[in-house]
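A.B. asks: Encoded as structure tokens, here's the structure I'll be asking about.
We did not get these values from a lab; they are worked out from the coordinates using the rules stated. Just so it is clear, the model here is predicted, and its values are computed rather than measured. Every residue, glycine as well, gets a Cβ built from its backbone with ideal geometry; the counts of neighbours run over all protein chains shown.
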Amino acid sequence: MTNIIEMKNIYKNFYTDEGEIVVLQDVNFVLERGKILGILGPSGSGKSTLLNILTHLLTPTSGEVQIEGKVGYMFQKDHLLEWRTIMDNITIGLEIQKKVNEEAIKRIEYLLEIYGLWEFRNRYPKELSGGMRQRVALIRTLATDPDVLVLDEPFSALDYQTRLMVSDDIYKIIRKEHKDAILVTHDISEAIAMCDQIAVLSKRPATIKHIYDIELTVDKERTPLVSRKAPEFKDYFDVLWKELDVYESK
Ligand code: ADP
Ligand code: MG
């Protein structure tokens, strides 16, 4: 089994006016090829900090990050530019990297077509629903043809029903495009529904308490909606709920 990402002994401290905060304390995990790894942790535990270190937006105080290949980062907010069309929003990363070429445009057109956004390519973000905007954000991330996707609470701005549908869509896109992924979330059900493995972060200073393999019995192709009906779903939920210990006294 090859590892596409390895995070080794990651520590991160921030220095603020109130003093030093230790956010990450010896975080270790690997992402294996072909897997979706969930990182589940309470709000403020350091999940975004961890992803920022992984994508080299932040340097760790100490520790080592190893990545095989190119990472595409999808943020919590879609960050679509309201004054650019859908197509021009999607090509922005390529423009910055000066990589707009015929092949890249063909790839984007293909993604727009199969993921139901072709008719909207010349529209503006405000004309799209929240779920469609998230799909545009994912296609923008896929446009640079990353090997691995890093998704920071990508559904948290959506209402519950939309979130179920969009997480199903996004899951299918990740699988169809054969991407490995790290999905950060504070939503236990979403993590079980979408991930092959779940790493649970403790409260600050965060470390990984446990990594669970999620094995679900499904009678058709696994998707998040199908996973939610698996007999093991509730057992994983109970274990993770205990592990997260949301009511733990400070
Ligand atoms: P999460 O994504 O799990 O909600 P974050 O990684 O955003 O958590 O933040 C973890 C902690 O680190 C929070 O207490 C936050 O206030 C603090 N933090 C994040 N970025 C900075 C920064 N640049 N300077 C100081 N503190 C920060
Ligand atoms: Mg965050």
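A.B. asks: Please report, in debye to the nearest 20, how large the charge dipole of the stretch 36-151 is about its Cα centre when each Lys and Arg carries +1 at its beta carbon and each Asp and Glu carries -1 there.
C.D. replies: Here the size comes out at about 300 debye.
A.B. asks: So how far, in whole Å, is the C-alpha centre of the stretch 1-40 from the one of the stretch 90-152?
C.D. replies: 28
A.B. asks: Got the relative contact order for the chain handy, in percent, Cα pairs under 8 Å and 6 or more residues apart?
C.D. replies: Value for the chain: 26 percent.
A.B. asks: Test of the criteria: in the stretch 17-89, which chymotrypsin sites (Phe, Trp or Tyr not before Pro) are in a DSSP loop and have at most 14 other Cβ atoms within 10 angstrom of their Cβ?
C.D. replies: TRP83
A.B. asks: So, in nm, how far is label ILE92 from label TYR110 when the simple model puts each one 7 Å beyond its Cα toward the Cβ?
C.D. replies: Here the modelled spin labels are 2.5 nm apart.
A.B. asks: Label ASP17 and TRP241 with points 7 Å out from Cα along Cα→Cβ: what is the distance between them in nm?
C.D. replies: With each label point 7 Å from Cα toward Cβ, the separation is 4.1 nm.
A.B. asks: Another one. Of LEU40, LEU240, how do they rank once you tally other Cβ atoms within 10 Å and put the fewest first?
C.D. replies: In order of increasing Cβ crowding within 10 Å: LEU240, LEU40.
A.B. asks: Most fluctuating residue of ASN101, ASN13, ASN89 in a GNM of the chain with Cα springs under 10 Å: which is it?
C.D. replies: Checking each option, the largest mean-square fluctuation is seen for ASN101.
A.B. asks: Also, I was wondering about something else. GLU232 versus HIS178, label points 7 Å from Cα toward the beta carbon: distance in nm?
C.D. replies: 2.6
A.B. asks: Still on this structure, I have one more. Scan the chain and report its longest stretch carrying no GluC sites (Glu not before Pro) that are both in a DSSP loop and have at most 12 other Cβ atoms within 10 Å.
C.D. replies: By the stated rule (loop sites, at most 12 other Cβ atoms within 10 Å), 83-214.
A.B. asks: Just to confirm the number: angle between the C-alpha axis of helix 233-244 and the first principal axis of the chain, 0 to 90 degrees, nearest 10?
C.D. replies: Tilt relative to the chain: about 60 degrees.
A.B. asks: Going down the list LYS179/LYS220; LYS12/LYS209; LYS47/LYS99, which pairs span over 19 Å between their C-alpha atoms?
C.D. replies: From the list (LYS179/LYS220; LYS12/LYS209; LYS47/LYS99), the Cα-Cα distance tops 19 Å for LYS179/LYS220; LYS47/LYS99.
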